[in-house]
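Just below is one structure, and these are the notes that go with it.
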Amino acid sequence: MKEAYFPQEIEKKWQSEWEKNNVFQTPDNSDKPKYFALSMFPYPSGKLHMGHVRNYTITDVIARFKKMQGYNVLHPMGWDSFGLPAENAAMKHGADPAKWTDENIAYMTKQLKMLGLSYDWQREVTTCKPDYYKWTQWLFLQLYKKGLAYKKEAAVNWCETCGTVLANEQVIDGKCWRCDSVVEKKYLSQWFFKITDYAEQLLKDLDKLDGWGDNVKTMQANWIGKSQGAIFRFKVKEIEGMEVPVYTTRPDTVHGITYLVVAPEYKDIEKLTTPENKNAVEEYRANARKMTEIERLSTDRVKTGVPLGTHCINPFNGEEFPLWTADYALVEYGTGAVMAVPTHDTRDFDFAKKYNLPLKVVIQDPQNPSDCKDVAYTEEGVLVNSNEFNGMKNTEAKKAITQKAVDGGFGEFKTQYRLRDWLISRQRYWGAPIPVVYCDKCGIVPEKEENLPVMLPTDVDFSVVGKSPITTSKTFKDTTCPVCGGPATREMDTMDTFVCSSWYYLRYSDAKNSEKCFDKEKVNHWLPVDQYVGGIEHAILHLLYSRFFTKALRDCGLLDFDEPFKNLLTQGMVLKDGSKMSKSKGNTVDPDEIFENFGADTARLFILSDSPPARDFDWSDAGVEGCYKFLNRVWRLISDGVNKREIAKDYKLAFPLSRENDDLVRIVNIAMKGITNDISNDFQFNTVISKYRELTNAIYDWRGKCKGELDNEQKNVFSFATTSLIKLMSPVTVHMAEEIWHELGYKNSIHEEKWCEWDESLAKASKITLVIQVNGKVKDKLEVDEGVTDEDLKQIALSTEKIKEITSGKEIVKTIVVPKKLVNIVVKG
RNA sequence: GCUCCAGUGGCGGAAUCGGUAGACGCGUUGGACUUAAAAUCCAAUCGGGGUUCACCCUCGGUGCCAGUUCAAGUCUGGCCUGGAGCACCA
């Protein structure tokens with residue numbers, strides 16, 4: 001065995017060996033239980049960054065560990081390859097997006113292989129390939145049939161310079177990420193998925209996700225934004241038969257209404273405006289339209305509004321109050337109209353103060369009543385000025401008052417969600433075409449399933465400005481109607497890339513199927529994903545959409561489970577010098593350089609070493625070198641032993657062992673147990689790695705204490721310890737472990753070995769350290785035999801010189817014994 | 001403003017159940033080997049104080065203030081700071 005560790009040589013050799021022998025291919029059929037380990041698939045941007053390295057290393061170690069534990073592990077990889085960067089590259093350099101994407105995939109695949117990741121490449125999926133997007137389109141049609149895909153007029157983020165809509169993520173501080181011009185709101189007819197139909201299920205099923213962090217679950221719950229309240233309908237005094245409905249979470253304050261606000265875009269606003277107020281209202285609405293979303297939603301902006309001139313009547317007390325329009329009412333939420341109770345709502349209060357609208361207190365803290373002249377009272381209290389409800393607690397009044405409205409026929413209980421339907425249309429070329437045609441006779445017609453995929457045209461001009469390149473195709477637009485056969489035009493929009501990524505994990509179960517999106521039996525076998533690993537930035541969008549897709553496809557009968565991801569690990573960011581690695585800051589580290597200088601095993605070891613996976617990880621060059629040195633240290637230990645014939649393949653431990661040998665064997669067993677527990681318990685790889693080091697140090701110490709040539713027992717113990725170390729390290733330092741394994745004389749791959757099993761009776765030290773406390777403070781420690789009873793411990797503690805001295809002349813009140821650990825003597829005086 | 005997460009040496013972090021705070025590493029300092037350097041190895045490394053001074057003793061210490069307990073980094077209540085997400089959502 002070579003004395004020096006040459007990672008580059010070893011790593012290349014084993015990577016090609018594994019590929020040749022299909023070590024990581026996963027059969028569908030196996031006697032072993034299944035385990036699906038999944039990393040969030042990357043966008044092929046060009047090169048891997050350290051965030052990718054961290055993500056994929058974490059999942060890879062999990063996959064290898066589970067495989068060694070006897071699971072049939074599915075560990076696939078793919079490419080989220082539709083999206084804007086490819087199209088932008090095309091616009092900038094005249095490159096073909098498909099070619100640009102393919103080249104990036106090829107390069108990044110090479111990098112992934114250099115990292116030694118155990119993927120089953122037979123199951124690779126690429127969302128921009130027709131064999132994948134055919135099924136994205138097919139799934140769109142299934143949702144359409146179910147009424148879950150529909151078209152409507154909606155406001156979108158519009159960049160006039162680029163002539164296209166932008167995703168919310170592409171709007172940075174209200175400006176286009178590419179050309180920096182201000183983003184406007186525009187009304188366009190767009191395709192939506194009816195995710196709101198699933199709002200309650202998406203919220204409720206969060207409770208089932210024990211394997212998800214609370215942070216992600218609460219983020220989703222907030223996003224869904226369930227609230228419970230009431231709808232009240234108010235008659236308009238000036239217009240016979242007209243009503244304005246409002247949604248409120250504070251029905252208890254209904255007697256305190258002093259005005260009502262409708263959104264500037266409210267559908268009946270023109271009818272509700274008197275001729276005298278028409279000009280002012282029109283002007284206000286025109287201004288609101290011009291305003292950007294950011295301006296309008298800024299919370300510190302002074303609230304503005306104008307009166308409409310009409311009034312409503314409060315059915316609870318007969319009071320009249322004026323109608324206003326103000327942009328703090330949002331047309332998309334609730335009914336688009338707000339009943340304003342300035343005394344008990346801070347926004348209404350600000351508005352009322354500015355326009356001198358009246359205040360009427362209806363909730364009070366009986367101990368400390370407020371007139372609400374300076375600030376709204378939003379806490380709980382008791383009703384006043386509320387007729388028969390006076391004296392009732394406001395929490396109870398919510399129900400009683402709503403019930404009165406229900407009985408009177410002017411209101412009802414209402415549950416409201418903040419979640420909006422998912423806008424999936426993009427006026428973009430590089431995406432999956434929406435498989436729909438427009439026929440003058442038949443209207444909106446879905447494409448026939450046998451005509452899928454609707455192929456992306458290639459005869460497009462990317463240099464066009466102000467419209468989607470797809471519209472320049474001569475061959476794409478005109479088609480025939482699937483129903484009547486007459487002339488028709490294709491939908492020119494493509495789907496949001498989040499649609500493609502909402503089902504890719506299902507496709508891995510049956511990636512090569514050309515007849516179906518996936519076989520039902522296979523998808524039910526492999527899914528849900530046992531462990532999903534990825535960045536926290538996907539906490540809402542991707543994970544919520546995927547959950548929605550799973551539920552919708554379940555309702556389409558395509559699969560039989562409710563939730564796609566059983567366990568979720570959101571890994572922290574990779575930082576350098578305390579801030580996120582980014583090109584603009586110039587603090588990036590190129591994975592290629594690390595592979596070249598230290599090897600992939602060092603990179604893998606280091607990226608797992610210093611922080612637990614969920615926390616941010618601070619990259620340091622010294623840390624990398626430290627890991628490299630550690631691998632050299634392990635290599636030297638074993639190569640030295642192998643070359644001196646002290647370590648052999650066929651070792652046997654014959655008990656009882658000498659004291660020193662027994663101690664080392666115990667340390668090995670303790671390490672096996674500890675490492676297994678650390679991985680099983682939230683994947684604490686940082687402590688796993690510290691245990692590798694402890695074990696290595698212990699073996700070195702033991703070896704240093706052996707004098708002269710090793711005897712047989714020592715050789716066996718040395719072989720056991722080093723072979724165990726290398727097996728424990730094999731999921732992390734995959735190439736080095738394999739090389740050493742073969743140097744030891746084994747012929748199979750270490751990655752197909754069984755995980756270490758420890759002997760419970762040996763997984764503890766032969767001596768324990770007894771801690772003796774007096775009044776909870778440590779006063780003495782001593783070594784005692786492992787088998788002592790509690791009574792023995794007590795007697796030992798009380799008879800030590802030191803304790804006698806401390807307790808002399810004092811009354812011992814009681815003695816607490818923690819078995820095999822500690823004695824606490826409580827004294828008085 | 002609301003929600004969630006976090007706060008431990010010079011630094012990253014460790015500490016299943018409440019039971020030895022600071023594992024392991026980085027850095028630093030000293031030493032060995034060497035003509036020298038690199039590499040490697042050994043030792044020290046929370047703070048204050050004491051001392052019969054290289055062996056100990058003692059006090060304090062896990063963001064802050066209380067509480068529960070024989071015992072609190074860990075549990076409870078109230079704050080402070082930092083991070084993340086949401087936000088005129090009625």
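The values are calculated or read from the model by the stated rules, or taken from the named source; none is laboratory data. Computed from a predicted structure; not experimentally measured. Here the Cβ positions follow ideal geometry from the backbone for every residue, glycine too, while neighbour counts run over all protein chains shown. Ligands, DNA and RNA are excluded from the accessible area calculation, which covers all protein heavy atoms including side chains. Shrake-Rupley method; radii C 1.70, N 1.55, O 1.52, S 1.80 Å.
Below are the figures for this structure:
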| quantity | calculated |
| --- | --- |
| Index of the failed condition, residue A:81 passing every other in (1) surrounded by fewer than 22 Cβ atoms within 10 Å (Cβ to Cβ); (2) in contact with a strand residue (DSSP E or B) (Cβ under 9 Å, 6 or more places away or on another chain) | (1) |
| Residue that is nearest to residue A:119 (Cα to Cα) [pool: residues in region A:1-29 that are open to solvent by 100 Å² or more (accessible area, probe 1.4 Å) and in a helix (DSSP H, G or I)] | A:19 |
| Pair list, Cβ under 6 Å, 6 or more apart: region A:408-428 residue in contact (Cβ under 8 Å) with a residue 40 or more places away in the chain and part of a strand (DSSP E or B), other residue open to solvent by 50 Å² or more (accessible area, probe 1.4 Å) and within 16 Å of RNA strand B (Cβ to nearest atom) | A:415/A:228 |
| Counted residues, region A:577-612 - those being of a type outside the set (Phe, Trp, Tyr) and open to solvent by less than 10 Å² (accessible area, probe 1.4 Å) | 10 |
| Number of positions in region A:237-268 that are in contact with a strand residue (DSSP E or B) (Cβ under 6 Å, 6 or more places away or on another chain) and not polar (S, T, N, Q) | 15 |
| Members of region A:242-274 that are within 10 Å of RNA strand B (Cβ to nearest atom), in a loop (DSSP other than H, G, I, E, B) and of a type in the set (Ser, Thr, Tyr) | A:249, A:266 |
| Qualifying residue in region A:54-66 (condition: open to solvent by 20 Å² or more (accessible area, probe 1.4 Å) and either of a type outside the set (S, T, N, Q) or touching a residue at least 24 places away in the same chain (Cβ under 8 Å) (or both)) | yes |
| Residue among A:421, A:407 that alone is closer than 30 Å to residue A:232 by Cβ, at pLDDT below 90 and surrounded by fewer than 21 Cβ atoms within 10 Å (Cβ to Cβ) | A:421 |
| From A:512, A:477, residue being among the charged types (D, E, K, R) and under 25 Å from residue A:159 (Cα atoms) | A:477 |
| Residue tally, condition in a loop (DSSP other than H, G, I, E, B), surrounded by fewer than 17 Cβ atoms within 10 Å (Cβ to Cβ) and within 8 Å of the chain's Cα centre (by Cα), over region A:534-576 | 1 |
| Restricting region A:797-829 to residues that are open to solvent by less than 50 Å² (accessible area, probe 1.4 Å) and within 28 Å of residue A:761 (Cα to Cα), the residue that is nearest to the chain's Cα centre (by Cα) | A:822 |
| Flag for residue A:676 being open to solvent by less than 60 Å² (accessible area, probe 1.4 Å), under 38 Å from the mean Cα position of the chain (by Cα) and within 15 Å of residue A:721 (Cα to Cα) | no |
| Any pair with Cβ under 8 angstrom, 6 or more apart, that starts in region A:626-644 at a residue that is under 15 Å from residue A:690 (Cβ atoms) and within 9 Å of RNA strand B (Cβ to nearest atom) and ends at one that is open to solvent by 70 Å² or more (accessible area, probe 1.4 Å) and in a helix (DSSP H, G or I) | A:630/A:693 |
| Helices (runs of 4 or more DSSP H) contained in region A:275-368 and holding at least 1 residues modelled with pLDDT of 90 or more and in contact with a strand residue (DSSP E or B) (Cβ under 7 Å, 6 or more places away or on another chain) | A:278-290, A:346-355 |
| Positions within region A:181-239 being under 27 Å from residue A:145 (Cβ atoms), open to solvent by 20 Å² or more (accessible area, probe 1.4 Å) and assigned to a helix (DSSP H, G or I), in sequence order | A:196, A:197, A:200, A:201, A:203, A:204 |
| Pair list, Cβ under 7 Å, 6 or more apart: region A:21-36 residue within 19 Å of residue A:505 (Cβ to Cβ), other residue assigned to a loop (DSSP other than H, G, I, E, B) and open to solvent by 80 Å² or more (accessible area, probe 1.4 Å) | none |
| Qualifying residues in region A:613-625 (those that are assigned to a helix (DSSP H, G or I) and open to solvent by 60 Å² or more (accessible area, probe 1.4 Å)) - the one nearest to RNA strand B (Cβ to nearest atom) | A:622 |
| Unmet criterion (only one of (1) in a loop (DSSP other than H, G, I, E, B); (2) within 16 Å of RNA strand B (Cβ to nearest atom); (3) of a type outside the set (Phe, Trp, Tyr); (4) farther than 30 Å from residue A:2 by Cβ) for residue A:732 | (4) |
| Enumeration of residues in region A:99-115 that are touching a Lys or Arg at 6+ places or on another chain (Cβ under 9 Å) and in a helix (DSSP H, G or I) | A:104, A:107, A:108, A:111, A:114 |
| Residue among A:570, A:550 that is of a type outside the set (D, E, K, R) and without any contact (Cβ under 8 Å) to a residue 60 or more places away in the chain | A:550 |
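Conditions (1) open to solvent by 60 Å² or more (accessible area, probe 1.4 Å); (2) over 20 Å from residue A:234 (Cα atoms); (3) at pLDDT 90 or above, marked per residue:
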residue: A:389; (1), (2), (3): no, no, yes
residue: A:412; (1), (2), (3): yes, no, yes
residue: A:415; (1), (2), (3): no, no, yes
residue: A:437; (1), (2), (3): no, yes, yes
residue: A:448; (1), (2), (3): yes, yes, yes
residue: A:454; (1), (2), (3): no, yes, yes
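Each row is one residue, and each column tells you yes or no for (1) touching a helix residue (DSSP H, G or I) at 6+ places or on another chain (Cβ under 7 Å); (2) open to solvent by less than 10 Å² (accessible area, probe 1.4 Å); (3) within 14 Å of RNA strand B (Cβ to nearest atom); (4) free of Cβ contacts under 8 Å to residues at least 60 places away in the same chain.
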| position | (1), (2), (3), (4) |
| --- | --- |
| A:331 | no, no, yes, no |
| A:342 | yes, yes, yes, no |
| A:347 | no, no, yes, yes |
| A:359 | yes, no, no, no |
| A:366 | no, no, no, yes |
| A:374 | no, no, no, yes |
| A:378 | yes, no, yes, yes |
| A:392 | yes, no, no, yes |
